[in-house]
1. Place the peptides 30-43, 86-99 in order of packing, highest mean first, counting for every residue the other Cβ atoms within 10 Å and averaging per peptide.
2. Hey, could you get me the Stokes-Einstein D for the range 1-112, Kirkwood radius over alpha-carbon pairs, 37 °C and 0.692 mPa s, rounded to whole µm² s⁻¹?
3. Which one, Leu34, Gly62, His106, is farthest towards the positive end of the dipole of the range 2-269 when Lys and Arg carry +1 and Asp and Glu -1 on their Cβ?
4. Probe of 1.4 angstrom, ligands and nucleic acids ignored: what's the accessible area per residue over the range 2-269, in square angstrom?
5. Any idea what angle helix 161-173 forms with the longest principal axis of the chain, computed on alpha-carbon atoms, 0 to 90 degrees, nearest 10?
6. What distance in nm lies between label points placed 7 Å from Cα along the C-beta direction at Thr68 and Ala4?
7. Which whole-number percentage describes the relative contact order of the chain, with Cα contacts under 8 Å and a sequence gap of 6 or more?
8. Would you be so kind as to identify which of His179, Thr233, Pro258 lies farthest towards the positive end of the dipole of the range 175-271, taking Lys and Arg as +1 and Asp and Glu as -1 on Cβ and the Cα centre as origin?
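The values are calculated or read from the model by the stated rules, or taken from the named source; none is laboratory data. Quick caveat: nothing in here was measured; it's all calculated off a predicted structure. Methodologically, a virtual Cβ is constructed for each residue, glycine included, from the backbone with ideal geometry; neighbour enumeration extends over all protein chains shown. For accessibility, only protein heavy atoms count, side chains too; no ligands or nucleic acids. Shrake-Rupley method; radii C 1.70, N 1.55, O 1.52, S 1.80 Å.
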Amino acid sequence: MFQAIHETVQYIKQKIADFDPEIGIVLGTGLGGLVTEMTIEHSLMYANIPNFPISTLEFHSGKLLFGTLNGKKVVAMQGRLHYYEGYSMQQITFPIRVLKALGIKHLFVSNAAGSLNPEFKKGDLMVICDHINLLPESPLRGRNDEDMGPRFPDMSQPYHHQLIESALAIAAKEDIRCHKGVYVAVTGPNLETKAEYKYLRIIGGDAVGMSTVPEVIVAKHMSIPVFAISVLTDEGFPEVLLPVSLEEIIETARIAEPKMTQILSQLIATL
Ligand code: HPA
């Protein structure tokens, strides 16, 4: 993997000249709007980057964008990879290894998720303070490269405490409904049954989604501080569960996205 990372970084560096990103951002489903706030200096299609997995979802445009956001140099992944698309965990998290090699000091992650907590409504935001990983394997499975990180990385505080508090303070100031909660990662691509939503709530989840946790584990492996936020796009409340379509999920994400962008962009300015 070291060789692949090196090759990819060489390619990217030659395209972006001396641009040194400080912050990496992974944008979730329907949440690409943050890039309109960026002053973009370089845009690379995933398809043209050596060793980069290509998103199989048409609604993910698959670009790596370099630019400034609120005065900070950032690199944003517009379009992420999911386990349900058929990639290995190593493929999904390869871009995070590349971002680290490009020099990022913080990672920001967004996603669309279903609410499990009856107090958290569709369209609200949730800052992730902890997670439960129900994905079938860890991205760290296999031989460990000690130069990248430890064999058994600590997970006692995967999400940066100060960034969580700052995000909640920004949300309160801006009058944005934003909670703090536990994200459960599942494989998908099917959504959950009533019994599954009930189970996920019982085991301690506030929201459920199909991403984020692999990237967070790999970032923690490399000691990168992480902030993650969910847009709650549907309500997985078993007693009153309604059918939900991808179109509705994307539409809710689109409507709630400016609130998330506001929080992320103000939060990034505090670094
Ligand atoms: N379940 C799993 N993933 C999701 C959901 C959900 O209800 N909503 C958005 N992503």
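1. Details: 30-43: 17.4, 86-99: 20.8.
Going by the mean number of other Cβ atoms within 10 Å, highest first, we get 86-99, 30-43.
2. Working: Rh = 14.0 Å.
Approximately 235 µm²/s, per Stokes-Einstein.
3. My answer, from the dipole projection, is His106.
4. Numbers: 11470 Å² over 268 residues.
About 43 Å² of surface per residue is accessible.
5. Tilt of helix 161-173: around 60 degrees.
6. Taking the two extended label points, one gets 3.5 nm.
7. On the way: 540 pairs, mean separation 68.9, N = 271.
About 25 percent, as a whole number.
8. Final value for the positive-end residue is His179.
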